[in-house]
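The values are calculated or read from the model by the stated rules, or taken from the named source; none is laboratory data. Only a predicted model underlies this, so the values are computations on that prediction, with no experimental measurement involved. For neighbour counting, all protein chains shown are included, and Cβ atoms are generated from backbone atoms with ideal geometry for every residue, glycine included. These area figures cover heavy atoms from the full protein model, side chains too; ligands, DNA and RNA do not enter into them. Shrake-Rupley method; radii C 1.70, N 1.55, O 1.52, S 1.80 Å.
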Amino acid sequence: STRTSHISITSSHPSIVGILLMILSGLRCAPRRYTPLITWALDSQWIMVETRRFMATKRQQKIEKLQKQIADAEELSGRSDLHGFKIDTTGMYQSTTHNFLPKFDDPKVALQYEEGTPLWHELLKIIGLRGPISVAEYFRYALLHPEHGYYTVPPSPLEGPDCPPDQDGIESYDLIGKRGDFTTAPEISQIFGELLCVWFVHEWRRSGSPKPIQLIELGPGNGTLIDDVVRVARASFPDFAQALCSVYGGAIHLVEQSPALRKSQAKKLGMIDIESETLYATDPDDPTVTSDLGEGAPPIELLLKGRIPTKELQPQSDPKHETNDCSIPVYWHLNLASVPNDPSQGHQYMLAQELFDALPVHSFQKTSDGWRERLVDIASTEEEESSIVDDDEPSEAINALAKKPRLRFVLSPGTTEAVRKLMNTDKQGHVLGENASKDDSSVGDILEVCPEGMSLAQDMASRINKCGGGALIVDYGSALGTGDTVRGFSRHEQVHVLSRPGKVDVTADVDFRALAYAISQIKGDAVSFGPVAQGVFLMSLGAANRVEELIDDDNTTEEQAEDLFTAFERLVLPEHMGERFNVLAIAKQDPERHCPPGFENSFVMK
Ligand code: SAH
């Protein structure tokens, strides 16, 4: 190894050579009369040469021995990259997969099943080794696997059904939006972002318009919403926009796990040079300082340059404030945890639009034997004989002619850690404590729990307690808890949730009741308001007036007016998004304070 190669024997160390020589050649017992000869020999060049040769042979033998050991170990383990280390997997869990794995290579079998995606091949290895995985684990892999996750590495336009061509007749694919897999409220109309901005400005003014503030968006997608919020703030609420400026210590923080979407967000905010695809300089005074939005990149700052009139509002004579330009720093984070949580940096205003539905849920099912966990296993040819869940998918929404996914649901044979912890059951899966009498579910009922969502909502509430501010959580889901809602989406169509892993959006309804309950467990003044239906929320913030204003604008064409009205209907009407989508607010409650706008008649949980 490298260490031995440093040992060299030179004539400047005759005594070491001598000792070595004596040891190696057995001369250490030589009679005294040979001493002068040895002394001579030790200093001579001849000895040096012989010693070196001797050492080299020894070293060579050692290396050969080591190589042989490695080769033996490799042969044993059957793996060339596992030097001398062998894992015995024979005693590990064997799912029925191993015995009843469909012969996917057989053309007849292949006809019945979907193609295997790269993530499916990964899951085959993982499940093969460990046994079926929880729905939550599948959910997380499907969306955020570092190499094959749906958000981390969005599918290419060629994967999946054709996309409708864009205005230029080009078949492009966007993930989120008309030419993607699903459309969200901010993609439908600018009014959505405008009204959310009004809500934040309202809350901020009510707390005395403090400066600076931090505006945080979780899961910003294409960046459309944050772009709309900033645009409206600049145009209509410059005092609010100023509070975000770097001169005061304000900032925007985008919490995003997908490198691809980080790039879309930077593009939308005008931080990427469209021609060269490179990011604008991090430091406007030093164009050589650019940054990286890549995977796992540390929080970076880019300045959103813009004209926010500051001059007339500056009482100080600070030369920094003498400018008409006010820049907003934008930071990207992988998690909310890395966003500074420091009261000296001001209030925190947080926004999560269609983020919570992307957080993994555990799925539990009631059996006559107590609660069990639904797990994801590899498809099997012997489904009838295994402990398969009564799988009612594909539902009517799913194309019945579609090929079968290469994965399937099974039930855990006994309770799992998640069942016992999240459902608070005993080892047999019977609910414990005061909830025992409330568990009126029937055999076959499915319940989903999203621990990550609950703890995220708690983090948001703690931040508001500590720093002040407010939060809005907008998503589909119910105020009455959720059942079996985890599902897949591709090209605006519902598909089997286990279909084409990594190439399909996986989502579940948000359990607003659970979020409100989680927030109520946090000590402090921050409480949750609502949820209220999205339609009610937007109308009470003046959606109708805003649409009218836009339609009446002299620059609006007849066609645009029609589009504006259709978009308004989609956001607000109960038969569209008005009722399915709900809004939950988190804000501080003090005795004289009224409810935040839009939540006047809503439920406050404390
Ligand atoms: N808010 C946007 C996008 C919704 S899609 C809109 O309404 O259009 C969900 C977004 O959340 C994507 O940007 C996705 O990459 C991101 N995301 C998913 N899981 C996440 C996680 N665990 N942490 C942070 N962002 C996540």
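Charged side chains reduced to their Cβ positions (Lys and Arg at +1, Asp and Glu at -1) give the stretch 466-578 a dipole of some 1080 debye around its Cα centre. Computed packing ranks the peptides 485-496, 468-479 as 468-479, 485-496, most packed first, by mean other Cβ atoms within 10 Å. Over every Cα atom in the stretch 490-545, the radius of gyration and the widest Cα-Cα span, Dmax, amount to 17.3, 45 Å. Per-residue Karplus couplings for the stretch 494-502, computed as 6.51 cos²θ - 1.76 cosθ + 1.60 with θ equal to phi - 60°, are listed in order as 6, 10, 4, 5, 9, 6, 5, x, x Hz, Gly and Pro entered as x.
Proximity of backbone amide H atoms, modeled 1.01 Å from N, is registered between S478 and V510, F512 at under 5 Å, excluding neighbours fewer than 5 places apart on the same chain. Among 557-567, 119-129, 256-266, 231-241, the peptide with the highest mean count of other Cβ atoms within 10 Å heads the list, and the full ranking is 256-266, 231-241, 119-129, 557-567. For the stretch 508-516, 3J(HN,Hα) computed residue by residue from phi via the Karplus equation (6.51, -1.76, 1.60; θ = phi - 60°) reads 9, 4, 8, 8, 5, 5, 5, 5, 4 Hz, glycine and proline entered as x.
When the expected Rg is taken as 2.2 N^0.38 Å, what fraction or multiple of it is the alpha-carbon Rg of the stretch 403-545? Before the final figure, lay out each step's value.
Values: Rg = 18.4 Å, N = 143, 2.2 N^0.38 = 14.5 Å.
With N residues counted in the stretch 403-545, Rg over 2.2 N^0.38 Å equals 1.27.
A crude spin-label estimate for the pair S441 and N424, with each label 7 Å from Cα along the Cβ direction, gives 1.5 nm.
Per residue, the stretch 489-606 exposes 49 Å² of accessible surface when a 1.4 Å probe is rolled over the protein heavy atoms with every protein chain present. Considering only V486, V443, L472, and ranking their Cα positions along the charge dipole of the stretch 429-495 that arises from unit charges at the beta-carbon of Lys, Arg, Asp and Glu, the one farthest toward the positive end is L472. Amide H contacts under 5 Å for G524: none, restricted to partners 5 or more places along the chain or on a different chain, H placed in the peptide plane at 1.01 Å from N. Once phi is turned into θ = phi - 60°, what whole-Hz ³J(HN,Hα) does the Karplus curve with 6.51, -1.76 and 1.60 give for every residue of the stretch 547-562, x standing for Gly and Pro? Going residue by residue, I get 4, 4, 4, 5, 5, 6, 4, 4, 7, 7, 7, 4, 5, 4, 4, 4 Hz, with x marking Gly and Pro.
Going by average Cβ density within 10 Å per residue, which order do the peptides 53-59, 523-529 take, highest to lowest?
Details: 53-59: 12.3, 523-529: 18.9.
Descending packing order for the listed peptides: 523-529, 53-59.
Amide hydrogen proximity for V495: with H placed 1.01 Å from N in the peptide plane, the residues at 5 or more positions away or on another chain lying under 5 Å are G488, F489, S490. Note on the stretch 405-557: dipole from Cβ charges, positive end direction compared against A516, H496, Q534; the farthest Cα belongs to H496. Legend: translational diffusion of the stretch 501-606 by Stokes-Einstein, Rh = Kirkwood radius over C-alpha pairs, 4 °C, 1.567 mPa s; D = 81 µm²/s.
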